[in-house]
Amino acid sequence: MAESGTETTPPAIKRDRTHYLYIAVIVAVLLGIAVGFIWPDFAKELKPIGTGFVNLIKMMISPIIFCTIVLGVGSVRKAAKIGKVGGLALGYFVVMSMVALAIGLIVGNILHPGSGMHLTEATKEVGHVAAKDAAEGPVDFILGVIPTTLVSAFTEGEVLQTLLVALLVGFALQAMGRSGRPVLRGIEHIQKLVFRVLGMIMWAAPLGAFGAMAAVIGETGVDALKALATIMIGFYVTCALFVGIVLAAILRLATGFNIFSLLKYLGREFLLILSTSSSESALPRLIAKMEHLGVSRPVVGITVPTGYSFNLDGTMIYLTMASLFIADAMDQPMSVGQQIGLLLFMMIASKGAAGVSGSGIAVLASGLQSHKPALVDGVGLIIGIDRFMSEARALTNFAGNAVATLLIGHWTGEVDRDRVERVLAGQLPFDERTLLDTSADDTDDTDDTELPTPRGGETKEPVGA
């Protein structure tokens, strides 16, 4: 028998309590569906619950983007590397938008889902109202990226404005050299605080999911679902094929990674999007998870926020299929030339409407008004199921941005491949408590002048060394 005091008890493994949280989210979604069908009038009154939860998540987006980008840019020696990441990302986004448009165009012309629909006067009015909500043009979009003040980007919740401010601050700290290191260390601590607050907010997810799902079902009703089942099912199938075939092939050929392992790793984020109908609800978690996966901070900080405005694969597919649906429903089919011209305009217009509530409908209406005004009356035909289609848009956009982040990281050499394989294999679980990998910097005796090390890549040479 071993002597007393010589045996060491192995540390107890902490159980992941968030596992129960996401089981509760699934139960809440099912309850929300049931309430929506059984008591539709009551269910409509629950909408503020879902809206409130999404707003709680949205208030965290700007500080998380700011901290991530400032830490990433500020810890990279050469500014040219950031430009390379941004250029690659934007080029990839344009190409994938074109691919998504083409796929939606092909499927829409094959299905012809709008046959047999009928317009009412109330339906006609919806399209004209939606067109007024769209962005006015590219000049307004560019000017809109510039915030009123340095801090207004945080108070107004504009992703691109926050991105601009964070880049400016990051480059400024990079230019300051050693004197900027204490600021970077302070921002690193703020990032930990922000992610901890986000982790606390996530415990309200079941309540938010219940309210959001009940309201959607209560407002839509089973009759609308039946009448518009063709385009809705066709759209979901098209999005699934786009992710499972197009994105999967690109990721496999470019990096060798399996997209289904990546989607499994992001399973909780997909559940969150599905239950809230908002891709923004998962943006902060995508940033944290892609860093944990092994992609460096600069790549994650640039690609994810930019992708949320410019890499909208699901929205592109939606715009093509919805346009053809409306044209068929109103017996005003468009020629191939008209379809291509309309959709190229929508691809540009969609960038300006990114982040606007109901932006899919707004861009659709404004595009039709500019190229074929007679079809604006038909936008109201699709408004009844737009919330359900917005879920597929959000899920596809989210998958596209996750793949894009891994691709850009691979192309710029900013991915730790060994870590990616270990994380996707489940050997390095994501810390749901802090949403950050703090194993390397949780000690209190860390030198305050040390620069944060971007995760997923090699240690960067200190600025001014």
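The values are calculated or read from the model by the stated rules, or taken from the named source; none is laboratory data. Predicted model, so just to flag it, every value in this text is computed and none were measured. Ideal geometry is used to build each Cβ from the backbone, glycine not excepted, and the neighbour counts take in all protein chains shown. Ligands, DNA and RNA are excluded from the accessible area calculation, which covers all protein heavy atoms including side chains. Shrake-Rupley method; radii C 1.70, N 1.55, O 1.52, S 1.80 Å.
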Looking only at the range 313-323, decide whether some residue is of a type in the set (A, V, I, L, M, F, W, C), within 30 Å of Leu375 (Cβ to Cβ), open to solvent by 10 Å² or more (accessible area, probe 1.4 Å) and part of a helix (DSSP H, G or I). no
For the range 403-421, enumerate the residues that are open to solvent by less than 10 Å² (accessible area, probe 1.4 Å) and in a helix (DSSP H, G or I). Val403, Ala404, Thr405, Leu406, Leu407, Ile408, Gly409, Val420
Checking the conditions here, which among Ile69, Ile110 is at pLDDT 75 or above and farther than 28 Å from Thr276 by Cβ? Ile110
Report every pair of residues separated by at least 6 positions or lying on different chains whose Cβ atoms are under 6 Å apart, first residue within the range 363-376 and modelled with pLDDT under 75 and among the hydroxyl-bearing types (Ser, Thr, Tyr), second assigned to a helix (DSSP H, G or I) and surrounded by fewer than 22 Cβ atoms within 10 Å (Cβ to Cβ). Ser366/Ala131
For Gly400, are the conditions met, namely being within 17 Å of Leu251 (Cα to Cα), part of a helix (DSSP H, G or I) and modelled with pLDDT of 85 or more? yes
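Does Gly384 meet the test of being closer than 25 Å to Gln339 by Cβ, modelled with pLDDT under 70 and in a helix (DSSP H, G or I)?
Details: closer than 25 Å to Gln339 by Cβ: yes; modelled with pLDDT under 70: yes; in a helix (DSSP H, G or I): yes.
Answer is yes for this residue.
Grab the helices (runs of 4 or more DSSP H) fully contained in the range 170-262, keeping just those with 3 or more residues being under 28 Å from Ile61 (Cα atoms).
Values: elements: 181-201, 205-227, 229-241, 248-255.
In the range 170-262, 181-201, 205-227, 229-241 are the helices (runs of 4 or more DSSP H) which contain 3 or more residues that are under 28 Å from Ile61 (Cα atoms).
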